[in-house]
Structure formats: structure tokens, C-alpha cells
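Colleague: Take this structure, written in C-alpha cells, and hold onto it; I'll ask about it next.
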Amino acid sequence: MFETANISIFAGSGGRTFAERMCAYMGKPLGSSEVITFSEGNTFVRINETVRDRDVFLVQPIGMHSNDEFVEILFWMDAFKRSSALSCTLIMPYFGYGKGDKKDEPRVSIRARVCAESMELAGADRFVTMDLHAPQLQGFFKRPMDHLYAMPMLTEVIKREGTENMVVVSPDAGFAKQARKFADALRLPIAIGDKTRTDHTENAQVLEVIGDVKDKNCLIVDDFTISGGTLVNLAESLRARGARDITALLSHNIISEQGVARINASPIQRVYSTDTVENPNIVGQEKFRTVSVAPMFAETIMRYYNYQSVNSMFSELPENVVEAGFRLAGLEI
């Protein structure tokens with residue numbers, strides 16, 4: 001049986017809904033805390049209950065407001081440590097600065113490494129995250145990390161929708177390895193988009209599609225989108241090559257308001273994503289559907305404390321986790 005007596009779960013300003021869903025799955029109340037942003041932009045955090053000698057979990061993605069959410073994490077970790085918490089685990093469903101994982105041009109910062117080191121220095125003892133932009137990012141963290149995958153939940157959506165005459169499409173060669181995992185899980189063929197990006201404008205151009213997509217239902221898989229440009233350009237290329245229905249799967253959805261409008265005007269019928277980031281831009285949008293992965297994070301904590309394997313959860317996702325992920329997000333298929 002899972003013992004929760006010594007665990008306290010708190011939410012940052014960007015992770016409250018996700019934390020509430022985790023707590024609902026675990027049958028635990030959310031810890032009392034508050035965040036105040038002063039008029040000049042300063043952030044103030046306060047814990048409203050004792051955490052002395054407790055294992056503390058902070059839920060905060062670095063997503064829609066990356067700088068504010070990152071700085072808030074540093075302040076929370078400092079506050080927990082100064083309040084004599086036994087341990088501090090950061091539940092970071094999305095690591096937005098993971099895109100800055102290399103020095104690929106002169107005189108630039110490796111932002112992901114700076115963030116990782118800063119969070120550890122502030123007091124984070126452990127990290128739990130999902131679908132990092134590049135798996136090697138785990139090497140930037142010296143403390144233990146549980147790296148979860150959205151694929152089991154997302155493929156469950158497609159299995160329920162149906163996979164007849166479908167092909168999985170990777171937006172570029174760089175994501176092809178991950179796309180093949182989706183294809184293997186769904187027992188589908190794969191096609192690959194040939195994409196080029198020349199600057200930092202969040203726009204990319206699809207030059208060619210490698211693979212047979214004519215008269216096929218296409219399933220585009222990617223880790224995230226901001227402008228929607230890659231998805232739309234690829235969808236238009238697929239349609240021009242005779243594709244039928246086009247669906248997109250995203251691990252994280254941080255799409256802008258302009259990106260939503262672009263998707264709505266595109267050949268894409270549906271975009272499924274997880275709730276790692278609370279994005280107000282997709283609320284009420286007919287083409288966008290969300291499934292919750294909060295139960296996966298909660299199950300990870302429970303397995304950790306029960307000395308059970310986390311990895312085994314991905315070979316066969318427990319039915320209760322799947323059903324909770326659909327129910328908490330209000331997704332009916």
C-alpha cells in the first residue's frame with residue numbers, strides 16, 4: 001500500500017491544474033502556498049504550511065512563461081530548503097529551455113545546462129520530466145532524473161480512434177527515431193518530412209516527403225509546436241501528395257494564438273496533446289484535444305516510494321492510469 005504521510009505536493013503558478021490532477025489520482029490534498037508578482041515584475045513565493053522533515057514535490061513546467069516560471073522554481077527550492085524540507089523533487093512536465101541544448105553557432109549560451117545547474121544549486125534533489133527535446137539533456141543534470149514518455153498515452157488515443165490505412169509521419173529526420181517508436185507501437189508504416197530551418201523565427205519549410213502517403217490517413221508526431229508552422233507546412237505537403245485525413249500528436253502543446261489560427265485554417269483535422277503545459281490558447285478550440293499525463297507522474301511517485309520499477313510502466317501502461325488520464329482531461333473517445 002502507498003504511504004503518503006510524509007509527502008507534500010505543491011504547485012507553482014504554472015502547474016496548479018496539473019498538480020491538482022496528480023493529487024486527485026493519489027488521493028492527497030494539494031499543499032497550501034501562494035505566488036505574488038509585484039508591479040515591477042518581482043516574484044514572491046510563500047509556503048503556508050510546515051514542510052519540516054517532509055519529502056516535498058513542486059509541480060512547475062517551464063512553458064508558456066518560461067523566464068517567470070524558471071525563476072519561480074529557484075525561489076521555491078530555496079524556500080523549501082530554508083524550511084527544513086527533507087528532500088525536494090521538481091515535477092517539471094515540460095522543460096522549455098531544453099531547446100537550448102547545444103552551442104550550434106558562435107557566442108551563444110547553452111541555456112539548458114545553465115538552467116539545470118541553477119535549479120540544482122537552488123536545492124532540487126531530484127527531477128521528474130517528460131519527453132525532453134533531446135534525451136542527452138539528462139546528462140546536464142547531476143541529480144537523479146526520471147524521464148517519462150507521452151507516447152503510451154498518445155498511442156492509446158489513436159488506438160481508440162482507429163488506425164486503418166494510416167501512416168506515421170515524422171516532421172524531419174531528427175525526429176524519425178522517435179516517430180518510428182510510435183509506428184512500432186501502432187504497427188504502422190512511417191514517412192519522413194525533409195524540413196529546413198534557416199533562422200530563429202519559429203518557421204520551417206518542408207521540402208519533400210519521403211515515403212508513401214497517397215490515399216493514406218497521416219499521423220504527424222512531434223514533441224511540441226509553438227507557431228504551428230511545421231505542422232501546417234507538412235500537412236499541406238501531405239495533402240498535395242494525396243493524403244486523406246491528417247491528425248497530429250504532440251507531447252507538449254505551447255502553441256501561440258496565431259498558431260492556433262494557422263492550424264484551424266489548415267488541412268489538419270485534429271491535434272492531440274498532453275496537459276504538461278496549461279495553454280489557454282487551445283481552450284474551446286474544436287481541433288484541439290488534450291489527454292492528461294498527470295496520473296503517469298503520480299504513478300511514478302507512488303512506484304518510487306514502493307520500490308517498484310518505473311520503466312515497466314511504459315511497456316504496458318496500467319489501465320487505471322489510462323482511464324484516469326482520459327477522465328481528468330475530460331476526453332471522451
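Nothing in this text is a laboratory measurement; each read-out follows from the coordinates by a stated rule. None of these values were measured; they are calculated from a predicted model. Cβ sites come from the backbone with ideal geometry, for glycine too, and all protein chains shown count toward neighbours.
Colleague: Would you list which aspartates and glutamates come within 15 Å of Lys181, measuring only between C-alpha atoms, while excluding same-chain residues fewer than 8 positions from it?
Modeller: Asp131, Glu156, Asp172, Asp222, Asp223, Glu316
Colleague: Could you check which residue among Thr37, Thr300, Thr290 shows the biggest mean-square fluctuation in a GNM of the chain with a 10 Å Cα cutoff?
Modeller: Thr37
Colleague: Moving on. Please check: in the Gaussian network model of the chain (C-alpha springs, under 10 Å), which one of Phe18, Phe44, Phe75 has the largest mean-square fluctuation.
Modeller: Phe44
Colleague: Right, something else. Out of residues 5 or more away from Asp194 or on other chains, whose amide H comes under 5 Å of its own, with H placed 1.01 Å from N in the peptide plane?
Modeller: The answer is Leu207, Glu208, Val209, Ile210.
Colleague: For the chain, what are the per-bin percents of Cα-Cα distances with bins 20 Å wide, up to the bin holding the maximum?
Modeller: 31, 57, 12, 0
Colleague: Considering only Ala173, Ala116, Ala150, give the residue with the highest GNM mean-square fluctuation for the chain, with springs between Cα atoms whenever their separation is below 10 Å.
Modeller: Evaluated over the chain, the most mobile residue of the options is Ala173.
Colleague: Further question on the same structure: What ranking do 186-194, 88-96, 136-144 get when scored by the average of other Cβ atoms within 10 Å per residue, highest first?
Modeller: So the order, starting with the most tightly packed, is 88-96, 186-194, 136-144.
Colleague: Amide H to amide H under 5 Å from Val169: which residues, 5+ apart in sequence or cross-chain, H placed 1.01 Å off N in plane?
Modeller: Close amide H contacts, sequence-distant or interchain: Ala191, Leu219, Ile220, Val221.
Colleague: Would you mind checking Lys103/Lys287; Lys28/Lys177; Lys103/Lys159; Lys81/Lys287; Lys99/Lys159; Lys102/Lys159 for any pair whose Cα atoms are more than 32 angstrom apart?
Modeller: Lys103/Lys287; Lys28/Lys177; Lys103/Lys159; Lys81/Lys287; Lys102/Lys159
Colleague: Apply the a/c threshold of 1.5 to the C-alpha gyration tensor of the stretch 151-291 and tell me whether it is rounded, prolate or oblate.
Modeller: rounded
Colleague: With the dipole of the chain worked out from charges on the C-beta (+1 for Lys and Arg, -1 for Asp and Glu) around the Cα centre, which of His147, Val35, Ile301 lies farthest toward the positive end?
Modeller: Sorting the options by dipole projection puts first His147.
Colleague: Between Arg143 and Glu117, 0.36 nm times their residue separation minus their Cα-Cα distance comes to what?
Modeller: 8.4 nm
Colleague: Under the Karplus relation 6.51 cos²θ - 1.76 cosθ + 1.60, θ = phi - 60°, what is the ordered set of whole-Hz ³J(HN,Hα) values for the stretch 252-258, x standing for Gly and Pro?
Modeller: With coefficients 6.51, -1.76 and 1.60, one gets 10, 10, 10, 5, 7, 4, 5 Hz.
Colleague: Here's a follow-up. So in the stretch 151-291, what percent of DSSP beta bridges are antiparallel if you round to the nearest 5?
Modeller: 20
Colleague: Apply the Karplus parameterisation 6.51 cos²θ - 1.76 cosθ + 1.60, with θ equal to phi minus 60°, to every residue of the stretch 21-37 and state each ³J(HN,Hα) to the nearest whole Hz, in sequence, with x for glycine and proline.
Modeller: Taking θ as phi minus 60°, the curve returns 5, 4, 5, 4, 5, 8, x, 10, x, 6, x, 8, 7, 8, 10, 10, 10 Hz for the stretch 21-37.
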